[in-house]
Amino acid sequence: MRLTAVLLEACLLLLWLPAADAQAQAGNDNWATVEGRVTSAADTSTGIPSATVLVAGTNYGTSADAEGRYRMRLPAGTYLLRFSSVGFETRTDSVALQQGQTIRRDARLAPAVEAMKGVDVTADRGEPPGAGVYEIEEAHVETMPTPLPDGFRTLKTLPGVATNNELSSQYSVRGGGYNENLIFINGFQVYMPVRPRQGEQEGLGLWNPQLTERARLYAGGFPVRYGGKLSSALEVKYREPEGTASGQVAASTMDVSGSAGASALDGDLSWLVGVRRAQPGRFFGTQELKGDYAPDYADGQAALSYQVAEGHKLEALGLWATYDYSLDPQAKQTYFGTISMGRGPSNLQSLFTEYKGRETAGYATGFGGLRLTDRLSKNVRVEHEAAYYRTTETEQVDVRGASVLTQIDPASGKSLGVIGVGEQHNTADNRVDVSTLTGRGRYYYLGSDRHAPEAGWHVRRLAFDDRLDERSTQTNARTGEESVIREIEGAAELGTWQAGAYAQDVIDVLPQRDRLLLTAGVRADYYAFNEELTVSPRLSARFEWTDQTTLNAAAGMYHQKPTYRELRGRPPTEALLDSLDGNIEETLNRNLQSQRSLQLIVGGERFFPERRLYLRAEAYYMRLANLVSYEIDNVRVEYSGHNDAYGHTYGLDLQLRGEFVPGLESWFNYSFLVSKENFHERFEGEEGYRSGWRPRPADQRHTFSAFVQDYIPGDKTWKLHMRGLFGSGLPYTPPVPGEQVTNSVQTQQPGPRMDGRYPEYRRVDVGATKIIRLFDRAVSGPMTMTLTAEVLNLFDMTNTVAYNWDADFNRIPTHLTPRALNVRMRLKF
């Protein structure tokens, strides 16, 4: 409790210090100057004209003159400067400025033909930061307090990203579904698990924070080179180590990890490896469902870069991940209902369930990718890659639960009598194998200082092998009669292919370099399964109105090819499967078309140098067509299998970001969102439950998130970190009476679509970190040890992720984790 009190006081201190610091500095000239020259590493006597110098992660900076010289005034503080120019490698360097000081920082940029860091050059040249683009640096991924060290969980503090489940790494961007996000690691596309039922079954995401250099999220409006999902594209860049070996090891009460990397052969070869293992059973066990939790996640990843010859570079990425999750449930007690507080009668109830049996789930995932980059001439660079991804996911359930529903006296907490009893038996034996084989090519022309054209293609082979065997029964406590309420057994095998091509150009429009950049492109995609061809034009613009103000805009068409689960839709009924001899493949909808989104985004960013703050605002509108409606149960998504609706989404994202404390970046976000859909008349249903405009499943109207960092006063080896999340309630569909199976058992079916809303999601995680310098010289530099204590869900908020329903249609909530403590240790060498 003492630790909790100290951390709570520290959180309040975070809110006071920036204001006090601002008052103390009011009226003072707190500026300094950094100046220098940007030259070519091949010839240091030659300056690089018009080289760009930016404060990393921002649009604030300047351009060098004709001799490569630059000069820039900044408020006192510590900054990371980013030097770049067309045809040269990007370089970063740090600078610490004190009031009134002038510091020189020269930069030597290596020609791209020598180092050829292909992905970085492409990103810097071809995709300037613009509408919907947010970046997370390595330090933020490493220090942010989260239940598990998973990079995807850090995204939940970005504008437009919604969540209501700390156990899951799934995320929704600007009203989109969980499967509407593209994910790339070092330019290779990877995927989330296909069929988890709840967050505990996901393990860690494939994004390893220890290996990360930076991550960039396109929250809509992303260029044609990335593909055609409706919501977002995430690009994670792992480090390319330089020099002698360095690494780190880390451990906490729930996981251990380690990584190492170095370069060799005079810098021609660089390698990076990382391993992780997580066993968060203690954390999962804090939930209301008590039992023997035994989750075990392990993965290994390796990235390799080799300069084969001048102008020829080979890159490789490999990973292997396994996750075994088992639970022997014992008992669960959930309180729900209302307490009147003096106004009308109370109706507090308790559902106690005793379980027997076991459920297991897991997956084995492997990925390998190889990319060859060739500089064919001074102005032409080409990339060709091949990648293979495979995952096998399994689920076995054999659990019997006996439940007692009682009325509770709110004053004493004692039972007033039994309302009802029941027993349910669930079994499942499911398996899905998914594999993709992808070939890709990209082509860049580097010979123009006003254009950055590129084009590319891809061909992908997909294979799915799906096996379903599920059964649920209910037993009448009085008669002992067992009734089957759900049963499905079937299989499907699907093999198909996709292909696509794109072309885009980044155009520097105005005489003043980099002031107005237009990115125009078009892509075409073909899906063999439904024989569909789609064309998606896109345009974005970035305009530097002043040194402190940047405006962004984007417009474009986005198509999302149907996934296997969208093609399959809801699991077919037992009668239908019997007529098809259990062949689920016959139920796949070959007429299902790609979902379509027309997106419009406008926004701007303002830099306040005297405060070292950035204020960013973006408004967006999406017109949606060919929607495949879906329901979310915990984290499992169930699709209708039809293009049954159309809709729209609009909203506003605001972010205040900067160094509230010098040297430490913090940010606050607020997002407003409206996402609705309207079903076509023939899909409204006889009851009219889906008629009219209805909220979409990810319609989270208001979200607020914050990541705040601070030092302990007087000792900068102590740091405090706070992550706060708030989300208004997501919608859900309540059930209504369905088929009468027996005299005592009646099924439930979906009622008025998205007619209810879950309670608000509220969570604050805090951490205190002590940095200890062990040795001034270790393997490649100083050796430091970082000790961290975290309080997860500091205020012990009760959050609800799903509802179950009893026979009388009372809501029985599934609650998430309460307050928990965690400690971490990290050793860097």
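The values are calculated or read from the model by the stated rules, or taken from the named source; none is laboratory data. Note that the coordinates shown come from a computational prediction; the quantities given were computed from them, not determined experimentally. Don't worry about glycine lacking a Cβ; one is built from the backbone with ideal geometry, like all the others, and counts go over all protein chains shown. Each accessible area value is taken on the protein alone, full model and side chains, heavy atoms only, with ligands, DNA and RNA left out. Shrake-Rupley method; radii C 1.70, N 1.55, O 1.52, S 1.80 Å.
So here's what we get for this one:
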item: Whichever lysines have a C-alpha closer than 19 Å to that of Lys719, once near sequence neighbours (fewer than 8 apart) are set aside; result: Lys770, Lys828
item: Environment charge at Glu544 (Cβ cut-off 14 Å; Lys +1, Arg +1, Asp -1, Glu -1); result: 0
item: Cα gyration tensor, segment 470-557 - rounded (a/c under 1.5), prolate or oblate; result: oblate
item: Net charge contributed by nearby residues that have their C-beta within less than 13 Å of Asn793 (K/R +1, D/E -1); result: 0
item: Per residue solvent-accessible surface (Å²) - segment 686-829, probe of 1.4 Å; result: 45
item: Cβ crowding within 10 Å averaged over residues, with 277-283, 239-245 ranked highest first; result: 277-283, 239-245
item: Accessible surface of Trp271 - all protein chains present, 1.4 Å probe, nearest 10 Å²; result: 90
item: Proximal lysines relative to Lys229, as straight alpha-carbon distance under 21 Å, when same-chain residues fewer than 8 apart are discounted; result: Lys156, Lys237, Lys561, Lys676
item: Matching label, Rg and Dmax of the Cα atoms in Å computed from the structure shown, candidates (1) 27.8, 94; (2) 30.5, 95; (3) 34.1, 111; result: (1)
item: Rounded accessible area of His648 (nearest 10 Å², 1.4 Å probe); result: 40
item: Cα centre as origin, Lys/Arg/Asp/Glu Cβ charges: the chain dipole, Debye; result: 2100
item: Packing-based order for 204-217, 412-425, 164-177, using average beta carbon neighbours within 10 Å, highest first; result: 164-177, 204-217, 412-425
item: Length added when fully stretched, Arg390-Leu518, from 0.36 nm per residue minus Cα-Cα; result: 42.3 nm
item: Value of relative contact order over the chain, rounded to a whole percent, pairs C-alpha under 8 Å and six or more apart; result: 10
item: Rounded to the nearest 10 Å², the accessible area of Val256 at probe 1.4 Å; result: 80
item: Selection from Ser326, Ala789, Ala251 lying farthest towards where the dipole of the chain points positive, charges on Cβ; result: Ala789
item: Label-point gap, in nm, between Asn591 and Asp776 - each point 7 angstrom along Cα→Cβ; result: 7.8
item: Value of relative contact order over segment 298-352, rounded to a whole percent, pairs C-alpha under 8 Å and six or more apart; result: 25
item: Distance from segment 468-526 to segment 162-220 (C-alpha centre basis), Å; result: 13
item: Spin-label model distance (nm) - Ala491 vs Glu213, 7 Å beyond Cα toward Cβ; result: 4.7
item: Residues of type lysines that Lys290 reaches as a straight line, Cα spacing below 17 Å, ignoring anything fewer than 8 places off in the same chain; result: Lys332, Lys356
item: Modelled FRET efficiency - R0 56 Å, Asp808 with Trp457, Cβ distances, 0.05 increments; result: 0.45
